[in-house]
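Here the structure is laid out as structure tokens; the discussion comes afterwards.
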């Protein structure tokens with residue numbers, strides 16, 4: 001979307017004087033940047049296939065300490081902590097200090113100063129207690145310079161469109177506070193998923209609501225693209241930490257896959273990596289091309305899915321492969337329930353609860369229901385959802401989603 005109007009609106013807010021005091025802004029920025037560093041470390045840990053317990057053992061610490069580091073709660077940041085983490089995660093760390101900060105020879109237990117000087121910029125922060133997405137930058141670097149002043153060498157690059165995670169190990173089985181009464185795997189999900197047109201309608205509504213609540217595209221959780229392919233539409237969810245789903249609507253029917261990257265059935269459980277047995281073996285030929293769709297593979301060309309389901313046009317119900325999910329003390333080990341939770345719930349009330357936790361906003365229930373009913377957007381409805389957004393600002397998003405205006 002065109003971000004220019006959103007930035008102009010923000011500049012107008014500053015000009016009007018309706019901004020937070022400098023000390024509040026500075027404190028908020030420090031929180032954002034601390035969490036951004038935690039995101040870098042989280043990415044590296046998960047790339048190595050380590051659990052929080054594994055990393056805690058390498059650090060001779062506790063799981064709670066690892067969680068605090070990854071959620072930005074381990075301040076003040078010290079060089080000693082960075083060195084311990086670099087050894088545990090098998091990376092090198094380059095620290096570039098700005099003028100006026102402690103000299104390179106300062107004692108290792110001294111704080112390294114403002115995290116902004118370490119070159120970490122948060123692209124999104126919703127003050128969710130788990131994690132935030134981020135980009136790194138080099139202060140003073142030219143556009144396109146990808147050097148990282150805090151460089152986690154060998155770690156995967158962040159997606160060009162970063163997102164925020166909405167759940168963690170402590171929130172397993174839910175999305176944005178929306179949880180079914182009984183945890184379930186893909187077998188339970190296909191029994192409760194509505195017909196394809198209802199899934200399409202809910203997906204469009206969720207994407208349109210996210211567009212209103214979060215005008216910047218990279219900050220959204222749900223999206224919908226009517227022009228994803230020549231004859232295919234895509235509904236998607238991404239949290240920026242490796243958990244996502246994709247639902248493809250095409251002439252042959254509907255194909256869906258999802259990835260819960262910490263699932264015990266993820267492809268990297270073995271070497272070389274491969275999908276869990278039964279996940280794709282019975283996939284109809286009409287959807288076989290989507291199994292190897294580049295957009296659904298990781299940077300190594302590995303199919304990441306822990307969930308796969310489909311429904312051909314002639315089918316009267318959703319189907320999945322003959323997949324046996326290990327218990328592992330959790331009934332949703334494939335992540336199917338919490339990944340598709342809000343889509344399964346399918347109510348305006350559930351979305352309001354999601355928005356309160358994820359966006360920390362309180363959209364009017366009547367306005368959310370209006371969108372769930374796919375009624376044309378009006379300025380009155382938009383204002384009831386997000387007073388900072390104008391109807392005309394949503395034209396491009398509505399066209400991409402295929403939502404009536």
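Taking the stretch 304-338 on its own, how many of its residues are at pLDDT 95 or above and either within 22 Å of the chain's Cα centre (by Cα) or under 13 Å from residue 266 (Cβ atoms) (or both)?
The total comes to 5.
Select the helices (runs of 4 or more DSSP H) contained entirely in the stretch 302-405, then report the ones holding at least 3 residues which are in contact with a strand residue (DSSP E or B) (Cβ under 9 Å, 6 or more places away or on another chain) and in the same structural domain as residue 274 (by TED's automatic domain parsing). Steps first, please.
Details: elements: 336-339, 341-345, 348-358, 365-372, 379-385, 395-401.
Counting at least 3 such residues, we get 336-339, 341-345, 348-358.
Could you list, ordered by first residue, the pairs with Cβ atoms under 7 Å in which the first is in the stretch 50-72 and assigned to a helix (DSSP H, G or I) and the second is loosely packed, with under 15 Cβ neighbours inside 10 Å, at least 6 apart or interchain?
Close Cβ pairs satisfying both conditions: 56/62; 63/53.
Scan the stretch 279-290 and give yes if some residue there is under 19 Å from the mean Cα position of the chain (by Cα) and without any contact (Cβ under 8 Å) to a residue 60 or more places away in the chain, otherwise no. Spell out the reasoning first.
In the first step, residues of the stretch 279-290 are kept if they are under 19 Å from the mean Cα position of the chain (by Cα); the result is none.
No - not one qualifying residue is present in the stretch 279-290.
On the given criteria, is residue 238 at pLDDT below 95, touching a strand residue (DSSP E or B) at 6+ places or on another chain (Cβ under 7 Å) and crowded, with 19+ Cβ neighbours inside 10 Å? I'd like the intermediate steps shown before the answer.
Numbers: at pLDDT below 95: yes; touching a strand residue (DSSP E or B) at 6+ places or on another chain (Cβ under 7 Å): yes; crowded, with 19+ Cβ neighbours inside 10 Å: yes.
Against the criterion (at pLDDT below 95, touching a strand residue (DSSP E or B) at 6+ places or on another chain (Cβ under 7 Å) and crowded, with 19+ Cβ neighbours inside 10 Å), residue 238 qualifies.
When the residues of the stretch 350-382 are narrowed to those that are under 22 Å from the mean Cα position of the chain (by Cα) and free of Cβ contacts under 8 Å to residues at least 40 places away in the same chain, which ends up nearest to residue 307 (Cα to Cα)?
Here the answer is 352.
Within the stretch 281-301, how many residues are part of a loop (DSSP other than H, G, I, E, B) and under 17 Å from residue 244 (Cα atoms)?
Within the stretch 281-301, the first condition is being part of a loop (DSSP other than H, G, I, E, B), and the residues that meet it are 281-284, 292-293, 298-301.
Narrowing the set further to residues that are under 17 Å from residue 244 (Cα atoms) leaves 292-293, 298-299, 301.
Count: 5.
Part of a helix (DSSP H, G or I), at pLDDT below 70, touching a strand residue (DSSP E or B) at 6+ places or on another chain (Cβ under 7 Å) and on the phi < 0 side of the Ramachandran plot, is that true of residue 37? Spell out how you get there, then give the answer.
Details: part of a helix (DSSP H, G or I): yes; at pLDDT below 70: no; touching a strand residue (DSSP E or B) at 6+ places or on another chain (Cβ under 7 Å): yes; on the phi < 0 side of the Ramachandran plot: yes.
No.
The values are calculated or read from the model by the stated rules, or taken from the named source; none is laboratory data. It should be emphasised that the depicted structure is a prediction, and the values quoted were computed from it without experimental measurement. Positions of Cβ are generated from backbone atoms using ideal geometry, with glycine treated the same way; all protein chains shown enter the neighbour counts.
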